[in-house]
1. Which count do you get for residues in the stretch 82-98 that are surrounded by fewer than 24 Cβ atoms within 10 Å (Cβ to Cβ) and either of a type in the set (Asp, Glu) or touching a strand residue (DSSP E or B) at 6+ places or on another chain (Cβ under 8 Å) (or both)?
2. Restricting to the stretch 71-118, give me the number of residues that are among the aliphatic types (A, V, I, L, M) and either at pLDDT below 95 or not in a helix (DSSP H, G or I) (or both).
3. May I ask you to say which residue of 52, 40 is small (Gly, Ala, Ser), within 24 Å of residue 123 (Cα to Cα) and under 13 Å from the mean Cα position of the chain (by Cα)?
4. Considering only residues that are in contact with a helix residue (DSSP H, G or I) (Cβ under 9 Å, 6 or more places away or on another chain) and farther than 23 Å from residue 8 by Cα, look in the stretch 108-122 and name the one that is surrounded by the most Cβ atoms within 10 Å (Cβ to Cβ).
5. Which of the residues spanning the stretch 64-88 are closer than 24 Å to residue 107 by Cβ, out of contact with any Gly (no Cβ under 6 Å at 6 or more places or on another chain) and among the β-branched types (Val, Ile, Thr)?
6. Could you list, in sequence order, the residues of the stretch 1-15 that are at pLDDT 95 or above and open to solvent by 40 Å² or more (accessible area, probe 1.4 Å)?
7. Look through the stretch 17-63, keep the residues that are basic (Lys, Arg) and touching a Gly at 6+ places or on another chain (Cβ under 9 Å), and return whichever of them is most open to solvent (accessible area, probe 1.4 Å).
8. Which condition breaks for residue 68 when tested against (1) assigned to a helix (DSSP H, G or I); (2) of a type in the set (S, T, N, Q); (3) over 20 Å from residue 133 (Cα atoms)?
Amino acid sequence: MTFRSFMDLALTEARAAAARGEVPVGAVIVDRAGQVVAQAGNRTRELHDPTAHAEVLAIRAACAQIGSERLVGHDLYVTLEPCAMCAAALASARIARLYYGASDPKSGGVAQGARVFAHAQCHHVPEVYDGIDAAAAEVLLKAFFAQKREGN
């Protein structure tokens, strides 16, 4: 089986999030057969919900789609390294593989900061692949925050 990245769809979700005034993060969940089960972008401001990160929204939608609280055998593609909250949600959902784009030295919870998967209390650790289309994700994030600093 040949590897196929779904980061292009995650980047599309991130761009849509930016257009809504949200931090441009997008996530896509794919099943074992390579079918997209769910995709989402950040909606914290729109939903007035601090937990409405792209990863959490995609997990919720995927679980509803398959009728289970576990996403065994599913992969998650996300444009930015998950924060500690999202990393814990990935572990709880039993995501098989995590592919992320840009690293997040400020708020990351996988390779930075809390390093959720390294803790003994973490009962499931997905395979982690970083740097997938990182440059494209970084460009989106930098442009978004530069625009915010300029007051637009």
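1. Qualifying residue count, the stretch 82-98: 2.
2. Initial filter on the stretch 71-118 (among the aliphatic types (A, V, I, L, M)): 71-72, 76, 78, 80, 84-85, 87-91, 93, 95-96, 98, 102, 110-111, 114, 116, 118.
In the following step, the residues that additionally are either at pLDDT below 95 or not in a helix (DSSP H, G or I) (or both) were identified as 71-72, 76, 78, 80, 95-96, 98, 102, 110-111, 114.
The total comes to 12.
3. That would be 52, the only listed residue that is small (Gly, Ala, Ser), within 24 Å of residue 123 (Cα to Cα) and under 13 Å from the mean Cα position of the chain (by Cα).
4. 116
5. Selection gives 78 alone.
6. Scanning the stretch 1-15 gives 8, 9, 12, 15.
7. If we filter the stretch 17-63 for residues that are basic (Lys, Arg), which is where we start, we get 20, 32, 43, 45, 60.
Then drop every residue that is not touching a Gly at 6+ places or on another chain (Cβ under 9 Å), which leaves 20, 32, 45.
Working: 20: 84, 32: 165, 45: 140 Å².
It comes out as 32.
8. Answer for residue 68: the failing condition is (1).
The values are calculated or read from the model by the stated rules, or taken from the named source; none is laboratory data. Here the structure is a predicted model, which means the values were calculated and not measured. Ideal geometry is used to build each Cβ from the backbone, glycine not excepted, and the neighbour counts take in all protein chains shown. Keep in mind that these areas ignore ligands, DNA and RNA; they rest on the heavy atoms of the full protein, side chains included. Shrake-Rupley method; radii C 1.70, N 1.55, O 1.52, S 1.80 Å.
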